[in-house]
Amino acid sequence: MIEATWSSTLLRQATRLLSRTSNGLALGDHVGVHLAILVEPYLGLILEGKKTVESRFGVQRCAPHGQVAPHDIILLKRVSGPVVGICRVRETWFFDLKRTTIDALRARFSRPLCAEDPAFWAERAHTTLATLMSIDLVMSIDPIDVAKRDRRGWVTLRPPATLFASGVA
């Protein structure tokens, strides 16, 4: 029940915030809303506009894999800190790493991921799924404190309506 409280509060705050912005971010009924927890230097690189693709790698099918769509909104939260940014998903790619090699992803995405250090890819060599999202309309915001206490690095606050229409959900 605690999760519903903090997540619904955050969703209301995001809705109010987006109603006041004029940079193209919009929260229509079809748009999903997600919370991404980020470590440095990646959070800063996104806010600076240098990192234009966000990624999540895993061994189990869980959010955001198959649960994020173009035009969705991502709230950017610092690890053990507040939400400090917001952006829009421009394009998504979902990879089964049993069919696509991690080396193929590295060749295609290392620069927009700001992941040219071989250690980044070595740490993900054991994963079986990858979700990559091209992002745009990045905006820093006044910090929003969140009472999230679990260890999830990604939370879908509201799934995109397109998942329901396509039968993915």
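Filtering segment 14-28 down to residues that are out of contact with any helix residue (DSSP H, G or I) (no Cβ under 8 Å at 6 or more places or on another chain) and surrounded by 16 or more Cβ atoms within 10 Å (Cβ to Cβ), which residue is nearest to ARG149 (Cα to Cα)?
ALA14
So is ALA63 surrounded by 15 or more Cβ atoms within 10 Å (Cβ to Cβ), of a type in the set (Gly, Ala, Ser) and touching a His at 6+ places or on another chain (Cβ under 9 Å) or not?
Against the criterion (surrounded by 15 or more Cβ atoms within 10 Å (Cβ to Cβ), of a type in the set (Gly, Ala, Ser) and touching a His at 6+ places or on another chain (Cβ under 9 Å)), ALA63 qualifies.
Out of the residues in segment 111-144 that are free of Cβ contacts under 8 Å to residues at least 24 places away in the same chain and assigned to a loop (DSSP other than H, G, I, E, B), which is farthest from ARG88 (Cα to Cα)?
Ranking the qualifying residues of segment 111-144, first place goes to ALA125.
Would you confirm, using the coordinates I've provided, whether SER8 is loosely packed, with under 15 Cβ neighbours inside 10 Å and over 14 Å from VAL155 (Cα atoms)?
no
Yes/no per residue for (1) over 27 Å from THR101 (Cα atoms); (2) aliphatic (A, V, I, L, M):
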position	(1), (2)
ARG12	yes, no
GLY24	yes, no
GLY28	yes, no
LEU38	no, yes
LEU45	no, yes
PRO64	no, no
PRO70	no, no
GLY81	yes, no
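Inspect all residues belonging to segment 94-109 and state whether any of them is surrounded by 13 or more Cβ atoms within 10 Å (Cβ to Cβ) and among the acidic types (Asp, Glu).
There is no residue in segment 94-109 that is surrounded by 13 or more Cβ atoms within 10 Å (Cβ to Cβ) and among the acidic types (Asp, Glu).
So if I check each of ALA147, ALA165, which one is in a helix (DSSP H, G or I), modelled with pLDDT under 95 and among the small types (Gly, Ala, Ser)?
One residue alone meets the criteria, ALA165.
The values are calculated or read from the model by the stated rules, or taken from the named source; none is laboratory data. A quick note: this is a predicted structure, and the numbers were derived from the prediction, not measured. Heads up, the Cβs are rebuilt from the backbone with ideal geometry, glycines too, and the neighbour counts pull from every protein chain shown.
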